[in-house]
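See structure below.
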Amino acid sequence: SSHLLSSPNSSVGKGMEVRIIEVDKKLNRLVFSERDAHPEEAKLPKVELQFKEGDDLTGKVNKILPFGLLVGLTGEVEGLVHISEISWDRVGNLEEMYKVGDSVKVKVSTIDPGTGKISLSIKKLQEDPWREAEKKYPLGKEIESIISRVSSYGAFVQLEKGIEGLIHSSKIPYGMKLQTGDKVKVSIDLFNPDQRRVALRLV
């Protein structure tokens, strides 16, 4: 075995998670390692963190991943900014927004004491635009805007940058054709900032 237990007898009868590292059919031998079962945990830096959850920090982009940014903080400590925590707006190609080595300001969202994983956020350093917009669009308010896009289940109306409302197809009169760019007058039926959902009806 590649891993020797300090007290083998204490492990008799107990379950453990292992990773198979060698199979020798000729010798009918199976070699496994308990240590290698958690390679990601073995790589975690054993250092005392100089920050806590909720702290605002400045880090450096170490790696750009399809699902977020790996940000270096202090020493060997790294944290992940998941793509959903980059911006309150829709995020496109991260490689067009950031480069390795870029300095970024982040907020520490969570620190998992079990795994040492650190979750970071960039968007939480800014006000949620949906919370501000909620004050501007109370139920029943009438506004005039344009159709930003049309789908099989209705037409979307641009309220402001990053915020659209939906006129559901069930609320569009039979035979009426709404197209992108059309100017319409609508009223607010629902404004839910948590679900990022706005329901509209034609006035």
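Taking 0.36 nm per residue of sequence separation and subtracting the Cα-Cα distance, how much length would be gained by fully extending the chain between residue 185 and residue 136, in nm to one decimal? Could the numbers behind the result be given before it?
On the way: separation 49, 0.36 × 49 = 17.64 nm, distance 1.63 nm.
Here the segment from residue 185 to residue 136 would lengthen by 16.0 nm.
Could you pull out the pairs from 99/183; 161/185; 135/177; 124/161 whose alpha carbons sit more than 29 Å apart here? List each step's numbers first, then the result.
On the way: 99/183 40 Å; 161/185 18 Å; 135/177 31 Å; 124/161 18 Å.
Beyond 29 Å: 99/183; 135/177.
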For residue 196, the accessible surface traced by a 1.4 Å probe with all protein chains present amounts, in square angstrom to the nearest 10, to 80
In whole µm²/s, the translational diffusion coefficient that Stokes-Einstein assigns to region 101-203, given a Kirkwood hydrodynamic radius over C-alpha pairs, 37 °C and 0.692 mPa s, equals 206
With N residues in region 63-161, Rg(alpha-carbon) / (2.2 N^0.38 Å) equals 1.43
Place a point 7 Å from the Cα of residue 93 in the direction of its beta carbon; the residues of region 62-87 whose amide N falls under 16 Å from it are 64-68
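In square angstrom, what is the accessible area per residue of region 60-178 with a 1.4 angstrom probe? Before the final figure, lay out the partial values.
Values: 7190 Å² over 119 residues.
Heavy-atom SASA per residue in region 60-178 reads 60 Å².
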When every protein chain stays in place and a 1.4 Å probe is rolled, 174, 153 sorted by accessible area with the largest first are 174, 153
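Please give the peptides 97-109, 128-140 ranked by average Cβ packing (other Cβ atoms within 10 Å per residue), highest first, as a rough proxy for protection.
Numbers: 97-109: 14.7, 128-140: 12.9.
Highest-to-lowest ranking by the protection proxy: 97-109, 128-140.
The values are calculated or read from the model by the stated rules, or taken from the named source; none is laboratory data. The structure displayed is predicted, hence computed values, not measured ones. All Cβ positions, glycine included, derive from the backbone under ideal geometry; neighbour counts span all protein chains shown. Side chains are part of the model used for accessible areas, which takes the heavy atoms of the whole protein and leaves out ligands, DNA and RNA. Shrake-Rupley method; radii C 1.70, N 1.55, O 1.52, S 1.80 Å.
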